[in-house]
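The values are calculated or read from the model by the stated rules, or taken from the named source; none is laboratory data. Quantities reported herein were computed from a predicted structural model and do not represent experimental measurements. Please note: Cβ atoms are built from the backbone with ideal geometry, for glycine as well, and neighbour counts cover all protein chains shown.
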Amino acid sequence: MKTIEATGKTVDEALKAGLAELGAKEMADVDYEVLEEANVGFLGLLGGRPARVRMWLQAPEVKACRLLEKIMEKMGIRGETQIEEVGEYYEIQIDGDDLGILIGRRGRTLDALQYLANLAANRGSAKRARIIVDVASYRKRRAETLRNLAQRLCQRVRRQRRKVVLEPMTPQERRIIHLTVQGEKGMVSYSEGEEPFRRVVIGLEE
């Protein structure tokens with residue numbers, strides 16, 4: 001993590017200088033601590049000292065988490081956020097009571113929050129971070145439901161010898177279906193259609 005110290009006639013001037021040095025555009029992208037307030041000295045002439053601050057760029061996952069906390073605050077929702085690094089991405093889990101409004105119908109509100117969280121995380125960052133947002137473990141429960149659905153549909157396709165077409169799903173949900181079908185002997189799956197109406201098709205391997 002890059003940390004710099006900046007000075008200025010006032011704390012605000014020091015912060016502006018630090019933003020420029022870090023290459024950040026907004027204060028929302030950084031954290032800082034004031035090391036020393038400005039001292040103008042005797043009669044503003046002798047012994048004056050500039051303000052001095054220490055600044056560093058916020059980690060992408062922290063920026064995403066703070067955005068979500070602000071959104072919840074504006075909505076009057078009380079929830080606790082936790083960040084976990086999982087392989088190549090960060091998962092932000094939101095827990096609390098009565099959080100259904102953050103999930104929305106079929107997880108659409110949750111998907112929108114995740115989109116905003118990724119925008120916040122990668123604003124002004126050279127290295128792209130991937131953020132997954134989950135509320136009350138909804139995505140984990142939904143993933144299990146989709147895996148069970150895929151297995152049942154594979155059994156149907158074997159029995160009826162006809163392919164099945166699922167309802168439109170997000171890329172993340174389609175991936176769960178595809179991975180499940182890959183584990184079923186003699187079965188194949190593919191996606192067809194355009195977003196946001198892209199669907200998974202499950203059929204017999206030829």
- Report, ordered by the first and then the second residue, all pairs with beta carbons closer than 6 Å, sequence separation of six or more or different chains, a first member in the stretch 3-17 that is under 14 Å from Asp31 (Cβ atoms), and a second member that is of a type in the set (D, E, K, R) and at pLDDT below 90. Ile4/Glu21
- So which residues in the stretch 105-146 are exposed (fewer than 15 other Cβ atoms within 10 Å of the Cβ) and touching a helix residue (DSSP H, G or I) at 6+ places or on another chain (Cβ under 7 Å), if there are any at all? Arg128
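Looking for whichever is out of contact with any strand residue (DSSP E or B) (no Cβ under 9 Å at 6 or more places or on another chain), aliphatic (A, V, I, L, M) and outside the structural domain of Glu80 (by TED's automatic domain parsing) here; the options are Leu149, Leu119, Leu166. Which one fits? It would help to see each step written out before you state the result.
Numbers: Leu119 fails: outside the structural domain of Glu80 (by TED's automatic domain parsing); Leu166 fails: out of contact with any strand residue (DSSP E or B) (no Cβ under 9 Å at 6 or more places or on another chain).
Answer to the check: Leu149.
Going through the stretch 184-206 one residue at a time, which ones are of a type outside the set (Asp, Glu), assigned to a loop (DSSP other than H, G, I, E, B) and more than 25 Å from the chain's Cα centre (by Cα)? Walk me through it before giving the result.
Of the stretch 184-206, the ones of a type outside the set (Asp, Glu) are 185-191, 193, 196-204.
If we keep only those that are assigned to a loop (DSSP other than H, G, I, E, B) too, we end up with 185-186, 193, 196-198.
Across the stretch 184-206, the qualifying residues are Lys185, Gly186, Gly193.
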